[in-house]
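Notes follow the structure.
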Amino acid sequence: MILEQELARLGEKILEKQRLTPEEGLFLYTDAPLPWLKNKAVEVREKRHANEAYYNRNIHFEPTNLCVYACKFCAFYRPPKSSEADGAWDYSFEDLQKKLESYPVGSLTEIHVTGGVHPDRGVEYGEALCRFIKSIRPELHLKAFTAVEISYFAKKSHVDLKEALQRLKQAGLDSIPGGGAEIFDPEIRKVIAGGKAPAHTWLEVHERAHELGLFSNATMLYGHVENYGQRIDHMLRLRDVQDRTGGFKSFIPLRYRNESNALSRLPEVGPEEDLRNYAVARLFLDNIPHLKAYWAMLGLALATEALDYGVDDLDGTVDDTTRIYSMAGGPAHPTASVEFLQNAIRSKGRIPLERDSQYRKLNFS
Ligand code: V47
Ligand code: SF4
């Protein structure tokens with residue numbers, strides 16, 4: 001009875017668009033029945049996005065997997081002195097050119113660039129890569145370099161974060177992807193991602209970027225050793241920045257995948273937990289407009305299911321160009337045609353819309 005009363009009170013609050021407190025967010029994780037969460041999350045997403053759901057046409061480029069860090073959840077990185085025989089790669093600009101030229105002009109709208117943090121590369125490298133991509137495909141939206149990569153560029157080149165961002169923007173950077181956020185709680189971050197940019201640096205990169213007119217996304221890696229309170233803390237810190245800047249377009253929860261990494265002993269959470277997490281994110285993180293189920297991590301079937309739990313975006317065609325998830329247990333060859341994504345969205349009774357990187361609608365099919 002008490003549970004029902006509390007759910008009714010929270011339902012009212014949500015209906016009236018009142019912000020949930022951290023305690024209420026935690027209650028949703030621990031006590032709210034999944035069908036109730038589903039119902040409320042759909043109510044909120046339909047107010048924002050009606051019956052529409054988005055996809056885009058994109059590829060990824062992962063310049064190298066050599067990395068100075070050694071995050072325990074990461075199956076992708078190799079220590080800096082590794083060779084090809086160890087599974088390392090370090091692509092040249094010529095390799096990138098071949099890849100870009102293999103896509104006809106007009107067949108993509110976005111390239112997403114991220115990779116390992118190479119020990120020798122500072123902001124000059126980032127600038128050169130941006131300029132190179134724009135010289136070949138000026139029409140593509142360039143979403144590149146996580147806050148972790150950017151903070152390393154700045155440190156290596158002895159410049160502050162604002163200067164690093166200004167220079168990257170000048171060189172053609174259009175927006176910043178959401179990676180590297182993991183979990184902001186310092187104790188958990190130390191255990192799973194020891195050594196890389198702390199929470200305040202990650203948040204500062206994004207806040208400075210927003211001030212310069214660059215928008216960005218934010219991720220949250222969940223389902224490893226964190227607890228619900230730490231997930232709420234993570235979203236609360238994002239909500240605070242977003243109140244000041246409005247620069248986050250999309251929130252992307254990423255389920256920890258457990259193959260071939262230093263935390264493989266941990267089981268992965270099941271689909272019900274994924275769906276609960278999307279729904280709570282939609283309700284608690286009330287000021288980031290889009291909630292993305294990144295199908296290349298989750299698989300298309302579950303990402304499609306998440307459209308019933310507050311999600312409004314499946315991400316893009318990807319075309320087998322990312323290895324971060326396939327190396328950790330995600331779909332082996334992540335590629336989806338436009339028709340495939342459209343049909344997935346239609347299978348949930350929603351209207352598929354192609355978007356650009358700013359979520360402007362590109363078609364009305
Ligand atoms: O920060 C690495 C995650 C992220 C694992 O901005 C893992 O549109 C689960 O941020 N299990 C990088 N996750 C990818 C990323 C991203 C992806 C798609 C779209 C956008 C966007 C951003 O991948 C890392 C880390 O949190 N990751 N290893 C793993 N084993
Ligand atoms: Fe390096 Fe990123 Fe992997 Fe961490 S998650 S080891 S920073 S590639």
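The values are calculated or read from the model by the stated rules, or taken from the named source; none is laboratory data. Keep in mind that what you see is a predicted model, and the values were worked out from it rather than measured. As a convention, Cβ positions derive from the backbone with ideal geometry for all residues, glycine included, and neighbour counts pool all protein chains shown. Quick note on the areas: whole protein, heavy atoms, side chains included, nothing else; ligands and nucleic acids left out. Shrake-Rupley method; radii C 1.70, N 1.55, O 1.52, S 1.80 Å.
Points to keep in mind about this one:
- Counting only alpha carbon atoms, the long axis of helix 123-136 and the longest principal axis of the chain meet at about 90°.
- Of LYS292/LYS348; LYS190/LYS292; LYS249/LYS361, pairs whose Cα-Cα distance is over 24 Å: LYS190/LYS292
- Å² per residue, accessible surface of the stretch 310-352 at 1.4 Å: 38 Å²
- The stretch 49-156: trypsin sites (Lys or Arg not before Pro) in DSSP loop, at most 14 other beta carbons within 10 Å: LYS81
- Cys residues of the chain counted as unpaired, since no other Cys beta-carbon is under 4.7 Å: CYS67, CYS130
- Surface composition of the chain: carbon plus sulfur atoms contribute 52% of the solvent-accessible area (1.4 Å probe, protein chains only, all chains present).
- Taking all Cα pairs closer than 8 Å and separated by 6 or more residues, the relative contact order of the chain comes to 22 percent.
- Efficiency of FRET between HIS158 and VAL191 - r from beta-carbon atoms, R0 41 angstrom, step 0.05: 0.85
- Relative contact order computed over the stretch 173-289 (Cα-Cα under 8 Å; 6+ residues apart), in percent: 28 percent
- Toward the positive end of the charge dipole of the chain, with +1 on the Cβ of Lys and Arg and -1 on the Cβ of Asp and Glu, the farthest Cα among ALA303, LEU7, SER83 is that of SER83.
- Per residue solvent-accessible surface (Å²) - the stretch 156-299, probe of 1.4 Å: 34 Å²
- Under the simplified labelling scheme, the LYS98-THR335 pair shows an inter-label distance of 1.6 nm, with each label point 7 Å from Cα along Cα→Cβ.
- Principal-axis analysis of the Cα atoms of the chain puts helix 199-211 at an angle of about 80° to the longest axis.
- Cβ-based net charge around GLN342, under 13 Å, with every Lys or Arg adding one and every Asp or Glu removing one: +2
- All C-alpha pair distances within the stretch 1-61, sorted into 5 Å bins from zero, spread as 4, 14, 23, 22, 12, 8, 7, 6, 2, 1, 0 percent across the bins.
- Think of each Lys and Arg Cβ as +1 and each Asp and Glu Cβ as -1; about the Cα centre, that makes the dipole of the chain roughly 420 debye.
- According to the calculation over all Cα-Cα pairs in the stretch 2-354, the P(r) per 10 Å bin from zero is 5, 25, 35, 25, 8, 1, 0 %.
- Inverse of mean 1/r across different Cα pairs in the stretch 210-365, Kirkwood, Å: 16.4 Å
- Each residue was assigned an accessible area with a 1.4 Å probe, and for TYR91 the value is about 90 Å².
- Between the stretch 273-316 and the stretch 157-215, the Cα center-to-center distance that results, in Å: 23 Å
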